[in-house]
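To start, the structure itself, in C-alpha cells.
Readers should treat all values here as calculations from the given coordinates under stated rules, not as data from a laboratory. Computed from a prediction, not measured in an experiment: that's the story for all the values here. Note: ideal-geometry Cβ built from the backbone for every residue, glycine included; neighbour counts use all protein chains shown.
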Amino acid sequence: MKRKTDEEVIVMKKNLYKATVLNFIPYGGKVKIYWIHAHSEDEATLLVAKKFNKEFHFDPQKNYVDMKIKKIKDKEAKENENE
C-alpha cells in the first residue's frame, strides 16, 4: 500500500465553516446557524443550501435568504500559531 505524502494529506483535509443563514418572513424570519466540514467555501455553501432546502422546502424562484460563511480555524492551526 502506497503511503500518502504530506501534500496529499493537506489537500484531503476538511475545514470547519460556520454558516449563518437569515431566512426571511415566509421561513420564520430567524437566523439559522449551520456548522459544516468542507474542503472549500464553495462546497460549504452548497452543503448548507442543501440542508436549508431540505429543512424549509425553500423555493429560490419566490423567496430570498442571506447566507454568510466564515472559515473557523481548527486546533492544529491554533497550536502551530502559538509555536
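Tabulated data for the structure shown
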| quantity | calculated |
| --- | --- |
| Mean Cβ neighbour count within 10 Å, used as a protection proxy, ranking 39-46, 50-57 highest first | 39-46, 50-57 |
| Linear extension gain, Tyr64 paired with Lys50, 0.36 nm per residue minus alpha-carbon span | 3.6 nm |
| Separation of the Ile72 and Thr20 label points, Cα + 7 Å toward Cβ, nm | 1.4 |
